[in-house]
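Only the coordinates and a few stated rules stand behind these numbers; no lab work does. These numbers come from a predicted model, not from an experiment. All Cβ positions, glycine included, derive from the backbone under ideal geometry; neighbour counts span all protein chains shown.
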Amino acid sequence: MDVAVSVQNLHKSFGEDEVLKGVTRDFEEGKIHGIVGNNGSGKTVLMKCICGFLRPTRGKVLVRYREVGKDMDFPENMGIIIETPGFLPGLTGMKNLRLLASLQKKVGNETIADTIRRVGLDPALKKPVGKYSLGMRQRLGIAQAIMENPSLLILDEPLNGLDKHGVQEMRALIKGLRDEGKTILLASHNQGDIDELCDTVCEMDGGIMTMVRES
């Protein structure tokens, strides 16, 4: 079994408040791993520790056998949606993604436009992102997460704000990404997303992770 992400005895406290309490779990490559739990259960904090946005109080996170915060500040080759995707409201979707892509210079305009089409948006749309609906912003968030073809995706509530048709389209897209061999960690409140998409399911409750379904 090739492990994409290994979380080892992870603790995270904010002052007196212990949000993660010894989370240990290996996430296998090439699968969709669901993480369920109520608001405040620790899901988002766990994802932020995996991405390197937060440093754990104790324990460690390995991404492809390299320790986050020690061997690297942020894992390479990772696409992320955590909380509401932040975009510059005065720019179009295409311009926002071109600006983000300029940081790593991995992809050009053609790939960005193709990715925008892949999530069901029009790269030529002149409307600024500030005038987008919640569903359109969410689609653009998925586009920014996948545009550089990362092998690991961390998706926190990626289908929020989508209508029924949008949910079906994005579920199909996420399954397609797994079929390409990508590893996906997916947090969702929607049981339908978890049932339809996930190969394994863990539950977070009060900072403790338990296994719900193994693949």
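Extending 7 Å from Cα along the Cβ direction at ASP73 and again at SER13 yields two label points whose distance is 2.7 nm. Neighbours of GLY37, meaning other residues whose beta-carbon lies under 11 angstrom from its beta-carbon, give a summed charge of -1 when Lys and Arg score +1 and Asp and Glu score -1. Under a 10 Å cutoff between Cα atoms, tell me which one of ALA113, ALA145, ALA187 has the largest fluctuation in the Gaussian network model of the chain. Looking only at ALA113, ALA145, ALA187, the biggest GNM fluctuation is shown by ALA113.
Spatially, region 1-36 and region 43-77 are offset by 10 Å when compared through their Cα centroids. When the charge dipole of region 39-190 is built from unit charges on Cβ atoms (+1 for Lys and Arg, -1 for Asp and Glu) and taken about the Cα centre, the candidate among MET136, THR84, LEU125 whose Cα reaches farthest toward its positive end is THR84. Note on the chain: Cα-only Rg and Dmax are 17.0, 50 Å. Couplings for region 78-94, taken from phi via the Karplus curve 6.51 cos²θ - 1.76 cosθ + 1.60 with θ = phi - 60°, read 10, x, 9, 10, 10, 6, 7, x, x, 10, 7, x, x, 9, 5, x, 4 Hz in order; Gly and Pro are left as x.
Just to confirm my numbers, what's the Cα centroid distance between region 97-111 and region 123-194 in Å? What the calculation gives is 18 Å, centre to centre. Dipole magnitude for region 12-97: about 20 debye, using +1 per Lys or Arg Cβ and -1 per Asp or Glu Cβ, origin at the Cα centre. For MET209, the amide hydrogen comes within under 5 Å of the amide hydrogens of THR24, counting only partners 5 or more places away or on other chains and with H modelled in the peptide plane. Length gained on full extension, SER133 to ASP163: 9.7 nm, using 0.36 nm per residue less the C-alpha separation. Using just its DSSP H runs of length 4 or more, each adding -39500 (n - 2.57), the chain gives a mean residue ellipticity at 222 nm of -9500 deg cm²/dmol after division by all residues.
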